[in-house]
Structures are given as C-alpha cells and as structure tokens.
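Inspection log for the structure reproduced underneath, given as structure tokens.
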Amino acid sequence: MDPSISVVVALGAFFIWALVIYNRLVALRNRVANALAQIDVQLKRRHDLIPNLVEAARGYMSHERETLQAVISARDSAQTAGRTAGRDPADAQAMTAMAQAEGTLSTTLGRFFALAEAYPDLKANQNMMQLSEEVTTTENKLSFARQAFNDAVMQFNTALQSFPAVLFATTLGFKPAAILAPLASDAERRVPVVKF
C-alpha cells in the first residue's frame with residue numbers, strides 16, 4: 001500500500017473519531033442545558049404561585065407581615081439567581097448561588113406553611129388549599145428535575161474527563177458543568193420552628 005494513502009486513511013480515521021467525540025460532547029452539553037431549562041420551568045411555576053399564595057393568606061395573617069414579606073423577598077432573590085445561573089450552567093458560583101437562593105426560599109416557604117397551620121380559617125380556605133397543593137406538587141416536580149439535571153451533568157463531566165475526549169475537550173471549548181449541590185448547612189436542613 002502506498003504510504004501517502006495510509007497517511008490519508010489515518011488522517012481520515014482520526015478526523016471521524018474526533019468528530020464523533022465532539023458530537024457526543026455537544027449532545028451531552030445540550031442535555032445539561034435542557035435539564036436546566038426543565039428546572040427553570042418548575043422554578044418559574046413555583047415563583048408564579050408564591051404571590052398568589054401570599055395574597056390568599058394576607059387577609060388572614062395580617063399581623064404576620066414580616067413572614068409574608070420574607071417569602072416575597074426570597075422569591076425575588078431566587079428568580080434573580082436563577083436567571084444568572086441559566087446563562088451559564090458551567091458557572092459553579094452561579095449554580096451555587098441559585099441553590100442557596102432556592103434553599104432560602106424553601107426555608108421561608110416552610111415557615112410560611114407552618115404559620116398557616118395556626119390559622120383554621122386559612123387552612124379551610126379553598127383557594128389556599130388549592131395553591132398549597134400546587135406548590136407541593138411543583139416542589140416534587142422540582143426535585144425530580146434537579147435529579148435529572150445532576151444526572152445529565154454527571155454524564156457530561158464524565159465524558160469530558162474520559163479518554164480520549166480529555167485530550168482535546170478543553171481545546172474545543174468544553175468545560176465541566178456544575179451540579180446543583182444538596183443543602184449545605186444544618187440550618188437549611190432543619191424544619192422551621194414556629195412559636196406563638
């Protein structure tokens with residue numbers, strides 16, 4: 001066989017091999033972006049439900065203005081952090097900030113629901129019951145979306161760090177994505193305590 005043909009065949013095989021690896025990394029990166037978009041859908045639903053929930057409770061819990069304001073403030077912070085993280089799923093700092101903001105919102109919502117238990121009229125309010133159920137359902141969907149995101153990130157990062165992709169993934173502009181870390185502090189893990 002002519003040496004020049006062997007070189008052309010080897011270069012062609014290398015090109016095809018590199019193309020397959022590149023396409024796989026692109027597909028996995030897109031899977032991470034899609035998983036983050038699914039989280040964003042659930043977060044938007046959650047953020048849209050919160051003002052309605054607070055409004056339904058406002059008449060019953062008028063002297064709990066501080067708690068109601070804390071829920072709205074935590075929602076606003078979570079929305080801002082989510083928009084920032086959505087721009088670049090590989091930005092570990094932004095993903096951590098989003099997770100912390102959402103953790104704060106969850107804690108604040110927990111306090112809100114704990115306080116709502118002390119108001120029998122509020123608990124019996126049909127609108128409040130429906131909104132509470134929708135928030136609970138959304139929280140469950142959000143948990144599954146976070147799990148799917150972390151699974152997609154794990155697959156992507158594993159592919160980036162595996163041979164042979166590791167040889168040129170960085171050169172092609174790929175960088176590891178950040179997972180959504182679990183709640184970090186004991187304070188975030190604690191069930192809210194409400195004292196009257």
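Quick notes
- Those residues of the range 50-91 which are closer than 17 Å to Arg111 by Cα and not in a helix (DSSP H, G or I), in sequence order: Tyr60, Met61
- Per the conditions (1) farther than 22 Å from Asp48 by Cβ; (2) surrounded by 15 or more Cβ atoms within 10 Å (Cβ to Cβ), the sole criterion not satisfied by Glu117 is (2).
Conditions tested, residue by residue: (1) surrounded by 16 or more Cβ atoms within 10 Å (Cβ to Cβ); (2) hydroxyl-bearing (Ser, Thr, Tyr).
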| position | (1), (2) |
| --- | --- |
| Ile21 | yes, no |
| Arg24 | no, no |
| Leu36 | yes, no |
| Lys44 | no, no |
| Ala56 | yes, no |
| Ser73 | no, yes |
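- Any hit, the range 131-154, residues being in a loop (DSSP other than H, G, I, E, B) and out of contact with any Lys or Arg (no Cβ under 7 Å at 6 or more places or on another chain): no
Each reported figure results from applying straightforward, stated rules to the coordinates on display, with no laboratory input. Since we're looking at a predicted model, the values are computed, not measured. Quick reminder, even Gly has a Cβ in these numbers, built from the backbone with ideal geometry, and neighbours come from all protein chains shown.
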